[in-house]
Amino acid sequence: MCLAIPSKIVKIETGMGTIDVDGVQRTCSLLLLDNPQVGDWVIVHAGFALHKIDETAAMETLRLLKEAAAFAEGPPPDEPPHETD
Amino acid sequence: MALKHIDEYRDAALSRPLIDKINRISRTPARLMEVCGTHTVSIFRSGIRSMLPDTVSLLSGPGCPVCVTDQKEIDAFIALARLDDVIVTTFGDLMRVPGTLSSLQKEKADGGDIRIVYSTTDAVEIARKNPEKQVVFLGVGFETTAPTIAASISTARRLGLDNYSVYSAHKLVPPALDALMANPQAQIAGFILPGHVSVVIGLDAYRPFFETHRIPCVVAGFEPVDLLQALAMLVEQIEGGAPALANAYGRAVTAEGNPIARKLLDEIFEPADVAWRGIGVIPQSGLKIREAFSDMDAEKIFDIQLPESRDPKGCACGEVLTGTKTPPECPLYKTICTPIDPVGPCMVSTEGTCAAYYKYYDDR
Ligand code: SF4
């Protein structure tokens, strides 16, 4: 399952980042990211940050997610990525 | 088709103009396929299917990684779990997939050391903490997941671990698109290309496929409005007779993808001809571990005995994955095969097409 929600890097320690996913903190690997910085918005898949997105795009995505959550049933968009694609 | 939760959906302000546009311009009957399991779930959950004109039908393709994993590979995973002094690590969605004789879940219940991890970082950590055991990660997934598994091999090498290995059953999306086009029965008029696979490989990776087939192709994000945007672009291309390779997920997908991830994939893996469930062998559609890392290739280092692999009897997963059958056309659907007691992987995985139909499609 792809996790569409953007996360913000709040701490970096030896290649691992602490990310904030809509209020919930998790760790993820930053190995696949070029020059990660605290404050970057990232897309995370299976515990690895895959892509940096700029803040405007991140906000836009969060807005879409909130809109989607308002009319779709099912698990919230911040469920952990338990699938493998 | 009756779908649940439609009324709520109609109110979405952003989506409305896109729905109207698709309904206004679509004339030509078109079968459009999404090849990403997360898209399948999002399309069903949001009720998009019932918003579309009769001319547009949506097919779910081979986008659920567990569903396309060949039965022989599932049997190999189970055989690995039966070895002494081996800890098998995996993402959770493989656990219930039925192999020929067993499943990982059954093996675990019978005492096999099988651990579900959130990320390959956890699998490497398990190897570090258990030097007396061999730790195998079951590598299943497309280009999005494969770099995270490549990273674990590279990290294990750097840490000098001699007890970590990967069974690589990874699959690649662009060669699968070629294989889908080779099947005239599916009559695919356009593709919704996967979002996060494209984050890694980039839009340009589809260029050779597009140049060969000249079929409308649009990369989409995961929200209903993202998917509707992609659908509107596909319908526009079809009606205008001008197929294009386009990107409706610009906030995440670039032309070249993620160069670090692509380099790591290339360093650890090489493309190989591999079998997909229900489709057969597709040339250069899998990733096998390169010779330089063969000491971490579980396929090479363990001597496992496989039963004569058999796909589940009567299961139409193969036809479902190629868009030639819908789940309700499978005689076992909802009768013998349910999410509680699934016959095939398409009903096991939450991203499987049969499971999505079961949960969201109201065929009463
Ligand atoms: S309904 Fe069950 S048996 Fe039929 S194709 Fe789907 S998974 Fe296979």
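The values are calculated or read from the model by the stated rules, or taken from the named source; none is laboratory data. This one's a predicted model, so the numbers in the text were calculated from it and none came from an experiment. Positions of Cβ are backbone-derived with ideal geometry, glycine not excepted, and every protein chain shown enters the neighbour counts.
Assorted remarks:
- Given (1) surrounded by fewer than 24 Cβ atoms within 10 Å (Cβ to Cβ); (2) over 17 Å from the mean Cα position of the chain (by Cα); (3) near the ligand (Cβ under 9 Å from one of its atoms); (4) away from every other protein chain (no Cβ under 14 Å), index of the condition B:Y358 fails: (4)
- Taking residues in region B:325-347 that are more than 18 Å from B:G99 (Cβ to Cβ), and partners anywhere that are of a type in the set (S, T, N, Q) and within 8 Å of the ligand (Cβ to nearest atom), the pairs with Cβ atoms closer than 7 Å and at least 6 places apart or on different chains are B:P327/B:T353.
- Counting only residues that are within 11 Å of another protein chain (Cβ to nearest Cβ), in a strand (DSSP E or B) and over 21 Å from B:E256 (Cα atoms), region A:17-60 holds 4 of them.
- So B:A261, is it more than 16 Å from the ligand (Cβ to nearest atom) and surrounded by fewer than 21 Cβ atoms within 10 Å (Cβ to Cβ): no
- Options B:G160, B:G240, B:G195, B:G202; residue that is of a type outside the set (S, T, N, Q), without any contact (Cβ under 8 Å) to a residue 40 or more places away in the chain and not assigned by TED's automatic domain parsing to the domain that holds B:D122: B:G240
- Scope region B:71-103; condition in contact with a Gly (Cβ under 8 Å, 6 or more places away or on another chain), over 19 Å from B:R277 (Cβ atoms) and either in contact (Cβ under 8 Å) with a residue 60 or more places away in the chain or not in a helix (DSSP H, G or I) (or both); matching residues: B:R82, B:V88
- Residues of region B:278-325 that are more than 16 Å from the ligand (Cβ to nearest atom) and of a type in the set (D, E, K, R): B:K288, B:R290, B:E291, B:D295, B:D297, B:E299, B:K300, B:D303, B:E308.
- Options B:L80, B:L58, B:L32, B:L104: the member that is crowded, with 19+ Cβ neighbours inside 10 Å, at pLDDT 95 or above and under 19 Å from B:Y360 (Cβ atoms): B:L32
- When B:N23 is tested against the conditions (1) in contact with a Gly (Cβ under 6 Å, 6 or more places away or on another chain); (2) modelled with pLDDT of 90 or more, the lone failure is (1).
Yes/no matrix, rows are residues, columns are (1) modelled with pLDDT under 95; (2) touching a Cys at 6+ places or on another chain (Cβ under 7 Å); (3) assigned to a loop (DSSP other than H, G, I, E, B):
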position	(1), (2), (3)
B:G221	yes, no, yes
B:L228	yes, no, no
B:L231	no, no, no
B:V235	no, no, no
B:P243	no, no, yes
B:A252	yes, no, yes
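- B:P328, sole failed condition from (1) of a type outside the set (A, V, I, L, M); (2) assigned to a helix (DSSP H, G or I); (3) farther than 22 Å from B:A176 by Cα; (4) more than 16 Å from the ligand (Cβ to nearest atom): (4)
- Restricting attention to region B:331-349, the residues being closer than 9 Å to B:C64 by Cβ and either in a helix (DSSP H, G or I) or β-branched (V, I, T) (or both) number 2.
- Some residue of region B:47-58 being part of a loop (DSSP other than H, G, I, E, B), farther than 25 Å from B:V199 by Cβ and β-branched (V, I, T): yes
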